[in-house]
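**Student:** There's a structure below that I have some questions on.
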């Protein structure tokens, strides 16, 4: 089973065509292991991206270097999944 | 043990087996209204079922509703379970539902991507695609909402099998898509096709593969706007209404573009709520409010379709 310990979901707020282009290139690079929760980008809508723990620092640096605003939407994906699983087990009982 | 739908916990996420068992219970509880239609099998040989709500007649005009084509969008399967029960329990009680089913059939597919859904429960909660093997690649699956024969392979879909938006080797290559296509074509009298996704609170109409307006844009926009007014009335959840291309992005190979192009005018796609903080991990306590508000929007569209035959 794949675990997501320390993965975060960042809410990225592109503000220009340059930002959008940078995100498009990242999305096409499947080796980056970024999980884009929204496909297609505009300056009107935020983009949520699940970032593996090992890539967090590099990706946040990339966003800051390119002046792309972001916030942390989910701090630890696995914590939410654990809560979800516990609730399901409880419901099964 | 006596199985009853009223003891089912609609406010929880369930695995595929439990949802399929619920469907059997629902059918058994309403045998003159609901039947289970096996539309084929998935890539991994799981049966694919649509619930058919019908009060009789032959080849009646029909409305299609599907949920869960993207496996990880769990609130959609959960909402569809609640909606199935709602349709059954409101028939004969709610005049709008009763009148609708007096004239039309409803097909509701709760788990449109059963392999993917099972995989989200056992191996990877974040899985979106089908589970088909891609020749020459170690990555599996195609995005079943990039695999329909509508601008297939165009912008807004990936040719990389490892991408979450991989369009597949050819249109309808995914058996889950082909099974639905065959049912829709074979039936021949669907008047509306509604696909339920999550998240981000949108109600969309065609097109996605091009930013050109559909000929019925004005009517679809008006219907969508009115449906969202109903939806919003319950919990004030804010939705946007528009064409896929204009309000999100250009995306080729989507289901509602194909259905619109074969003549199903009232083709819509919902993106249900996520409350802004959870994405695909919407807490289970949000299932009921999501389903309740979605039902109001759905019911408006269904009523409009009933009242505007074409």
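No value in this document is a laboratory result; all are computed from the given coordinates. What you see is a predicted model; the values in this text were computed from it and never measured. Backbone-built Cβ (ideal geometry, glycine too); neighbour counts: all protein chains shown.
**Student:** With label points built 7 Å along Cα→Cβ from the Cα atoms of residue A:5 and residue A:42, find their separation and express it in nm.
**Tutor:** The two pseudo-label positions are separated by 4.1 nm.
**Student:** Taking Cα centroids, how far is region B:20-76 from region B:253-278 in Å?
**Tutor:** 18
**Student:** May I pose another question? Rounded, prolate or oblate, given the Cα gyration tensor of region A:10-74, with a/c below 1.5 counting as rounded?
**Tutor:** Working: a/c = 1.36, a/b = 1.27, b/c = 1.07.
Because its axes are fairly even, with a/c under 1.5, region A:10-74 counts as rounded.
**Student:** With each run of n ≥ 4 DSSP H residues scored as -39500 (n - 2.57), what mean residue ellipticity at 222 nm is computed for the protein assembly as shown after dividing by its residue count and rounding to the nearest 500 deg cm²/dmol? Don't skip to the end; give the middle numbers.
**Tutor:** Values: 12 runs with 151 residues, N = 403.
Calculated mean residue ellipticity at 222 nm is -12000 deg cm²/dmol.
**Student:** If you find the alpha carbon centre of region B:143-191 and of region B:291-310, how far apart are they in angstrom?
**Tutor:** Cα centres, region B:143-191 to region B:291-310: 25 Å.
**Student:** Using a 10 Å cut-off on Cβ to Cβ distances, tally the other chain neighbours for every residue of A:83-92 and report the average as a whole number. Present the calculation step by step, with values, prior to reporting the outcome.
**Tutor:** Details: counts 3, 7, 3, 0, 6, 7, 0, 1, 7, 5.
Mean shielding count: 4.
**Student:** On a full-extension model of 0.36 nm per residue, what is the gain between residue B:238 and residue B:15, subtracting their alpha-carbon distance, rounded to one decimal in nm?
**Tutor:** Details: separation 223, 0.36 × 223 = 80.28 nm, distance 2.95 nm.
Between residue B:238 and residue B:15, full extension yields 77.3 nm more.
**Student:** Take the alpha carbon gyration tensor of chain B, find the square roots of its eigenvalues, order them as a ≥ b ≥ c, and report rounded if a/c is under 1.5; if not, report prolate when a/b exceeds b/c, else oblate. Let's see the in-between values first.
**Tutor:** Details: a/c = 1.35, a/b = 1.14, b/c = 1.18.
Since a/c stays below 1.5, the shape of chain B is classed as rounded.
**Student:** So, one more: Need one number: % antiparallel among DSSP beta bridges in region B:187-310, to the nearest 5. All intermediate terms of the calculation are to be shown ahead of the outcome.
**Tutor:** Values: 3 of 14 bridges.
If we restrict to bridges inside region B:187-310, about 20 percent are antiparallel.
**Student:** Moving on to the next point. Of the DSSP beta bridges with both residues in chain B, give the percent that are antiparallel, rounding to the nearest 5. Could the numbers behind the result be given before it?
**Tutor:** Values: 14 of 37 bridges.
If I count the DSSP bridges inside chain B, around 40 percent turn out antiparallel.
**Student:** Next question. Between residue B:122 and residue A:72, what is the spin-label point distance in nm, taking each point 7 Å from the Cα along the Cα→C-beta axis?
**Tutor:** 3.5
**Student:** Per 10 Å bin, what percent of the C-alpha pairs of region B:23-100 does each bin hold, from zero upward?
**Tutor:** 16, 47, 31, 6, 0
**Student:** Compute the distance in nm between two label points, each set 7 Å from the Cα along the Cα-to-Cβ direction, one at residue A:33 and one at residue B:222.
**Tutor:** Taking the simple label geometry, residue A:33 and residue B:222 are separated by 5.3 nm.
**Student:** If the chain between residue B:170 and residue B:45 were fully stretched, how many nm would it gain, using 0.36 nm times the residue separation less the Cα-Cα distance? Write down the numbers at each step before the final one.
**Tutor:** Values: separation 125, 0.36 × 125 = 45.00 nm, distance 2.05 nm.
Between residue B:170 and residue B:45, full extension yields an extra 43.0 nm.
**Student:** Quick check on packing: order A:74-86, B:42-54 by the mean number of other C-beta atoms within 10 Å, highest mean leading. If you can, show how the numbers build up before the last one.
**Tutor:** Working: A:74-86: 16.5, B:42-54: 18.5.
The peptides rank, most packed first, as B:42-54, A:74-86.
**Student:** Tally the DSSP beta bridges in the protein assembly as shown and give the antiparallel ones as a percent, rounded to 5. Write out the running numbers ahead of the final one.
**Tutor:** Numbers: 26 of 49 bridges.
Taking every DSSP beta bridge with both residues in the protein assembly as shown, the antiparallel ones total about 55 percent.
**Student:** I'd like the mean, over residues of B:158-166, of how many other protein chain beta carbons sit within 10 Å of each residue's own Cβ.
**Tutor:** On the way: counts 4, 1, 3, 1, 3, 6, 6, 4, 1.
Partner-chain Cβ atoms within 10 Å, mean over residues of B:158-166: 3.
**Student:** Please work out whether region B:138-202 counts as rounded, prolate or oblate from its C-alpha gyration tensor, where a ≥ b ≥ c are the square roots of the eigenvalues and a/c under 1.5 means rounded, while otherwise a/b larger than b/c means prolate and anything else oblate?
**Tutor:** Details: a/c = 2.11, a/b = 1.41, b/c = 1.50.
Because a/c hits 1.5 or more and a/b fails to exceed b/c, region B:138-202 counts as oblate.
**Student:** Could you identify which residue out of B:294, B:76, B:55 has the top mean-square fluctuation in a GNM of chain B using Cα springs shorter than 10 Å?
**Tutor:** Looking only at B:294, B:76, B:55, the largest GNM fluctuation is found for B:55.
**Student:** In which sequence would B:175, A:30, A:51 go, from the one with the fewest C-beta neighbours within 10 Å to the one with the most?
**Tutor:** Details: B:175 20, A:30 15, A:51 24.
The most exposed by this proxy come first: A:30, B:175, A:51.
**Student:** Can you tell me the orientation of helix A:56-65 relative to chain A, as the angle in degrees between its alpha-carbon axis and the longest Cα principal axis, to the nearest 10?
**Tutor:** Approximately 30 degrees, to the nearest ten.
**Student:** Over the Cα atoms, compute the radius of gyration (one decimal) and Dmax (the largest Cα-Cα distance, rounded to a whole number) for region B:247-298, in Å.
**Tutor:** Taking only Cα atoms of region B:247-298, I get Rg and Dmax of 14.1, 39 Å.
**Student:** Additional query: So what's the gap between the Cα centers of region B:97-135 and region A:33-49, to the nearest angstrom?
**Tutor:** Taking the Cα centre of region A:33-49 as reference, the centre of region B:97-135 is 24 Å away.
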